[in-house]
Structure formats: C-alpha cells, structure tokens
Amino acid sequence: MRCETFLERYDELEPGRAPAPALARHLASCASCRAQAAALGAALAGEGGARLAADEALAERARLEDRVMAAVRLLPSPRRDFSLRDWILAGAILAASMILVPVGEYFARFDEVFGASYALPLSLVLGLGLTAYGALFVGAHLDEVQGFMDRRARSQP
C-alpha cells in the first residue's frame, strides 16, 4: 500500500476505532506513516478530550431531558378552576341585571325616547347572556356533571 493511500484511509477512520488489517500492516512496516499517525493521534487527543467532554455533557443533558419529560407526563394536565362562589356570584349579578334593568329608572327613559321597540332586542341580549353563562358554567363543570349523571344512572334500576 502506498503512503498516500494509507494516510487517506487512516484519516477517514473514526477516533478510537481500530484500523483495518491492511492499514495495520502498513502502519507496522512504515516508520514515516507511524510517525504521522502518532502526530495525528496526539492532535486529535487534545481536541478529542474536549469533544468527548462536550459529548458527555450532551448525553447528560439528554438524560436529564428524558427524566424531566417523564416526570411531566406524570403530572395531571393543568386546568383553570373557578370556585363555585365565583360562578354563583356571576350568575347572581347576571340574574339581577335581567330583573333590575326593565324595572330601573333607565328603562323608563328608554321607554320615553324609543318606545317599546327596544324591549325585544334588550330581552334577546340578556337572554343570550344568560345562555352563554349557562353554557360556560356547564362546560367548566362537565366532569362533575358527568359524575353526577353516572351516579344517577347507577342508582336507577
């Protein structure tokens, strides 16, 4: 084997991997190639030590990431819970507004200015507000409603 061929193939070897038998024979027989291989090995050892430390740090980071992600998968999914007191307070305000708006002083002023033509749109808006509130309340408490329905279904013959 020629020295140029040996150096090309030796350079293509991965660090730490044993050379092929033909390369090993040439390395044993050629002092010039042995010296160049030793110099290349020394240069790579200085760079390789830093590279090995960086590779170990990356491997440790990957292991840490795997452990963290495994722990995250065990956590329950986050939910934004509103207390029942907040829901009751919002519902009471909505119901009070539906009752008090037609009875209030503003209603009389609107009735004088617009006549009875705004009563239907106002009723529709307040009804849509109540419907939206009910939908949000049920949607936020769907798990509890489902549990209630399941218990009720089991209790009936």
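The values are calculated or read from the model by the stated rules, or taken from the named source; none is laboratory data. Just so we're clear, the structure is a prediction, and the values are computed from it rather than from any experiment. FYI the Cβ positions are ideal-geometry reconstructions off the backbone, even for glycines, and counts take in every protein chain you see.
If you go through the stretch 1-23 and keep only what is under 14 Å from G41 (Cβ atoms) and not aromatic (F, W, Y), you end up with L7, D11, L13, E14, P15, G16, R17, A18, P19, L23. The residues listed here are A153, A108, A119; of these, the one that is assigned to a helix (DSSP H, G or I), at pLDDT 80 or above and over 21 Å from L89 (Cα atoms) is A153.
A single member of A70, A37 is modelled with pLDDT of 75 or more and surrounded by fewer than 10 Cβ atoms within 10 Å (Cβ to Cβ), and it is A70. Among residues of the stretch 116-128 that are without any contact (Cβ under 8 Å) to a residue 40 or more places away in the chain, those with a beta-carbon under 6 Å from a residue that is in a helix (DSSP H, G or I) at least six positions away or on a different chain give the pairs Y118/F110; L126/M98.
Pick from the stretch 93-149 the residues that are of a type in the set (F, W, Y) and more than 32 Å from the chain's Cα centre (by Cα): which of them is farthest from S83 (Cα to Cα)? This residue is F114.
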